[in-house]
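Scroll down for the structure; my scribbles are underneath it.
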Amino acid sequence: MAHIATQAAPQQLRESVLSFFPLATRAEQGVEALISSLDDFINAPNLSTRLNACVELMDWISTPTRSSRGGSATRLETFLSLIESRPELRAGFQQGVREILTEIRSVELFAEAGLHPRESLWSEAARRVVEELLPSVRADTDLSKFVFRLCPTTERIERLVTLPDETFERLAVVLTPVSDRGAWAKQREDLTQAFSLLGVHVAGIGLAPALRTRSHAGLIEESPFYQLQQTSEELIREPGVPAALDRWRAQVQRCRDEMEFVHQRMEDTGVSTALVFDIRTIERALSRMKSIAEVLFVAEPHQSIVAVKRLLDDVMSARRDDMSLLALFRENGALIARKVVERTGKAGEHYIANSRNEFWEIWKASLGGGLLTVLTAAIKMRITEANLPPFGEAMAAGTNYAVSFLVLQHFHLALATKQPSVTAATLAGIVRSSQGRERLENLTEFVSRITRSQLASAAGNLLAVCLGCVAFAKLWALVLQRPYLEISSAEYVYKTLNPLASGTMLYAALTGLILWVSALAGGWFENFATFNRVPEAIAQHPWGRKIGRERMQRVASTVEANLSGWTTSVVLGYMLGFFPAMGRFLGIPLDIRHVTLSTGTVALAAASFGRHWLYRGWFVQTVFGIAVTFILNLGVSFSIAAGVAFKAYGLSKGFRQQLIKHIAVSFLRSPLHFLVPAAKA
């Protein structure tokens, strides 16, 4: 190491720094801390000491002063001016920087940050907790460790990458030894190595069996992921040749096109969280390679600052997220969201009316669904009056609901509240396939179609269940000479649907959540069967030799077509049945409020009261409760499902607010479009 020749002695350094600051501002600026950090940095005996001093310098620069807002920027300007105006101090400081650049390695940071191997959630969480509590085992020569110490928070990273280009360029000049323009050569070589490693990483993931079986058929060497590695090596060997850069860019685009094809194939082949993780890793690696290419091969001198800042933002934020528990759970939540919506984009399309004919078909199906619910509501009230043990009541109620939903599915009838959680997944396809203004228009049109479809379905359900229950109760009274419900039971129905005197609003929102969970279960089970090729396994089962291959094929086709609906119906039925019993078991006031079932029980109760159906005005309160239940059932289930779809594709709160505003404006311009399809739609 060079010492006195290139470094200021401690006393000289102190005098140089003190002469720069006016006496009145020395305490305010923390000059003594600055002098100590500079002295440690310039005269450090080894790399570890110098890196510690560098972190202390960064802490000083990032600490706001008492006299100014935005003191971090002020201190940075002060530090740059100090180094620029003191040649002997600058020489010692740059010598320290030069020695860091010589000893530190940056390949791991640029090639691995944010691209860590796939681990189970809890194993990765445990690793991050240990690294938070214990010193990192990474060597001091690893830039990944140093970067995390230098900028441990997102605020520090943001302040660095949002510096004005002029200030950032001054910082780069201060860090570059004047007499050694090759000081950054090792870092450029590390960047080149990282670029090469990323190409290998993309090829390894892209050629793995899960992705390869969902990609275009062809030879391995024809895969864009394989060819990306080849063109990356060519670009490294010929960095100044435009044709090499063009070939590399073409392969990047081919990789993106291939991933879009894989997305589409998920509709037929199923999806796993591991597969979604691999696709996201490829996307991140391609983005990182693009940033590195801009620094090494693309950027003109006037663009280099922007390219460097973009790359630093990428790797430093990724490195920070690699250490964050919150980022880990946020990332896994996004992976699960992507898995939920990736292959269910078309699952709810048959619930949406695109034309007048489809609109009236929904009306017919909903009238049938309402009539079926008459029987379901009647049986439900008998189960309630039987005073069975909690488990017995839950099983009986759940079976009643599940059988009703299965019959409804078999006869292609419609129940409004089952639809939003399914149709919201269609948002995924719109979000993925459009951008900008087109995306806003498509989403608004989708909302208008689902709104009129839901209103038609709900109106059909409620009309049919009201008239059906009244007719059922009248017929019962005519034949058996007594009301279907005792007055005490009818009074209980009125009382429990008063939204101000009961937990109806909470229970209706909880039912909306149950509706979404049941649709999620149906989608998950269908995806599991598709991913593991369960229908094909059924068709090829050895039983086919005994009962016939054609019969087994029909069974397989039936399972494939109905598995999601069966699962959703059974899960929804038993969740609706068991939640009240679970509440009694836990001592928590849990109950469910399903708009169609509640409307049916109200109609039965009103018919039981006969001419006194208003019953002290309580009926009006129950009507209000039905309206609240309708809004919360549909609103909660659709909002959760839509939120998952938006989260899966990283749509910001700003875009959501813009979408709501655009929908509101569209509704005010043409409210009829949200109620009835156009005549020639």
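What follows is calculated from the coordinates using simple rules that are stated; it is not laboratory data. Please read all numbers here as calculations on a predicted model, not as lab measurements. So basically every Cβ, Gly included, is an ideal-geometry build from the backbone, and we count neighbours across all protein chains shown.
Along the charge dipole of the chain, pointing to its positive end and built from +1/-1 on Cβ of Lys, Arg, Asp and Glu, which listed residue (Gly650, Trp248, Ser569) has its Cα farthest out?
Sorting the options by dipole projection puts first Ser569.
If N is the number of residues in region 157-254, what value comes out of its Cα radius of gyration divided by 2.2 N^0.38 Å? The partial results should precede the final answer.
Working: Rg = 18.5 Å, N = 98, 2.2 N^0.38 = 12.6 Å.
Scaled against compact globular proteins, the figure is 1.47.
How big is region 594-681 in terms of Cα radius of gyration and Dmax, in angstroms?
Rg, Dmax (Cα atoms, Å): 19.2, 56.
If I take R0 = 41 Å and measure r between the Cβ atoms of His541 and Ser123 in this structure, what FRET efficiency does the formula 1/(1 + (r/R0)^6) give, to the nearest 0.05? Show your work: numbers first, answer last.
On the way: r = 37 Å, r/R0 = 0.90.
Taking R0 as 41 Å, the efficiency between His541 and Ser123 is 0.65.
Using the alpha-carbon atoms, what tilt in degrees (0 to 90, nearest 10) does helix 487-496 show relative to the longest principal axis of the chain?
Here the helix axis deviates by roughly 20 degrees.
Cβ neighbours within 10 Å, averaged per peptide: list 274-282, 480-488, 650-658, 198-206 in order, most packed at the top.
Sorting 274-282, 480-488, 650-658, 198-206 by mean packing, highest first, produces 198-206, 274-282, 480-488, 650-658.
Can you give the Kirkwood hydrodynamic radius of region 257-301 from its Cα pairs, in Å with one decimal? Present the calculation step by step, with values, prior to reporting the outcome.
Numbers: mean 1/r = 0.0818 Å⁻¹.
Kirkwood hydrodynamic radius for region 257-301: 12.2 Å.
Quick one: length gained pulling Glu131 to Gln11 fully straight, 0.36 nm per residue minus the C-alpha distance?
Working: separation 120, 0.36 × 120 = 43.20 nm, distance 3.95 nm.
Here the answer is 39.2 nm.
May I ask for the angle, rounded to the nearest 10°, between helix 653-669 and the longest principal axis of the chain, with both axes built from Cα atoms and the value confined to 0 to 90°?
40
Roughly how big is region 346-674's charge dipole about its Cα centre, with Cβ charges of +1 (Lys, Arg) and -1 (Asp, Glu), in debye to the nearest 20? Show your work: numbers first, answer last.
Values: 29 positive and 15 negative charges, 64 e Å.
Computed charge dipole of region 346-674: roughly 300 debye.
With +1 on each Lys and Arg Cβ and -1 on each Asp and Glu Cβ, and nothing else charged, work out how big the dipole of region 104-341 is about its Cα centre, in Debye to the nearest 20.
Dipole about the Cα centre, nearest 20: 340 debye.
Please name which of Ala519, Val493, Phe531 has its Cα lying farthest along the dipole of region 423-558 towards the positive end, using unit charges on Cβ (Lys, Arg +1; Asp, Glu -1) and the Cα centre as origin.
Phe531
Compute the long axis of helix 301-322 from its Cα atoms, compare it with the longest principal axis of the Cα atoms of the chain, and write down the angle in degrees, 0 to 90, nearest 10.
60
How much length is gained if the chain between Leu80 and Thr399 is pulled fully straight, taking 0.36 nm per residue apart and subtracting their Cα-Cα distance, in nm to one decimal? Could you put the intermediate results ahead of the total?
Details: separation 319, 0.36 × 319 = 114.84 nm, distance 7.47 nm.
Going from the current span to full extension adds 107.4 nm.
I need the trypsin sites (Lys or Arg not before Pro) found in region 129-226, filtered to DSSP loop residues with at most 15 other beta carbons within 10 Å of theirs.
Details: sites: Arg138, Lys145, Arg149, Arg156, Arg159, Arg170, Arg181, Lys186, Arg188, Arg212, Arg214; in loops: Arg138, Arg181, Arg214.
Of the trypsin sites (Lys or Arg not before Pro), the ones in loops of region 129-226 whose Cβ has at most 15 other Cβ atoms within 10 Å are Arg138, Arg181.
Compute the whole-percent fraction of alpha carbon pairs in region 435-511 spaced more than 15 Å apart. Could you put the intermediate results ahead of the total?
Numbers: 2221 of 2926 pairs.
Percent of Cα pairs beyond 15 Å in region 435-511: 76.
So how compact is region 458-550: Cα radius of gyration and Dmax in angstrom?
According to the Cα coordinates of region 458-550, Rg and Dmax are 23.3, 63 Å.
How high is the relative contact order of region 346-674, in percent, with contacts defined as C-alpha pairs under 8 Å that are six or more residues apart? Let's see the in-between values first.
Numbers: 459 pairs, mean separation 101.3, N = 329.
About 31 percent, as a whole number.
For the chain, what does the relative contact order come out to in percent, with C-alpha contacts under 8 Å and a separation of six or more? Display every interim value, and only then the final one.
Values: 874 pairs, mean separation 98.7, N = 681.
Once divided by the residue count of the chain, the mean separation gives 14 percent.
Calculate the translational D of region 556-627 in whole µm² s⁻¹ from Stokes-Einstein, where the hydrodynamic radius comes from the Kirkwood formula applied to all Cα pairs, the temperature is 37 °C and the viscosity 0.692 mPa s.
Working: Rh = 15.0 Å.
Reported coefficient: 218 µm²/s.
Which one of Phe405, Gln553, Leu133 has its Cα pushed farthest toward the positive end of the charge dipole of the chain, where Lys and Arg give +1 and Asp and Glu give -1 at the Cβ?
Going by the charge dipole, the pick is Phe405.
Under 5 Å between amide H atoms, partner at least 5 residues away or on a different chain: which partners does Arg105 have, H built in plane at 1.01 Å?
Residues meeting the amide H criterion: Asp142, Leu143.
For labels at Thr63 and Ile631 in the simple 7 Å Cα→Cβ model, what's the distance in nm?
It is 5.4 nm.
Place a +1 charge on the Cβ of each Lys and Arg in the chain and a -1 charge on the Cβ of each Asp and Glu, then give the dipole magnitude about the Cα centre in debye, rounded to the nearest 20. The partial results should precede the final answer.
On the way: 72 positive and 64 negative charges, 583 e Å.
For this selection, approximately 2800 debye.
Looking at region 473-518 from every direction and averaging, what is the projected area of its Cα convex hull in nm²?
Numbers: hull surface 18.6 nm².
For region 473-518, averaging the hull's shadow over all directions gives 4.7 nm².
Could you let me know the centre-to-centre spacing of region 442-476 and region 605-624, using Cα atoms, in angstrom?
For region 442-476 versus region 605-624, the Cα centre distance is 21 Å.
Return the Rg/Rh ratio of region 346-674 with Cα-based radii and a Kirkwood Rh.
Working: Rg = 21.4 Å, Rh = 21.3 Å.
Radius of gyration over Kirkwood radius for region 346-674 works out to 1.01.
Can you run the Rg to Rh ratio on region 104-341? Use alpha carbon positions and the Kirkwood inverse-distance Rh.
On the way: Rg = 18.9 Å, Rh = 19.3 Å.
Rg/Rh: 0.98.
Output the direction-averaged projected area (hull surface divided by four) of the convex hull of the alpha-carbon atoms of the chain, in nm².
On the way: hull surface 168.3 nm².
It is 42.1 nm².
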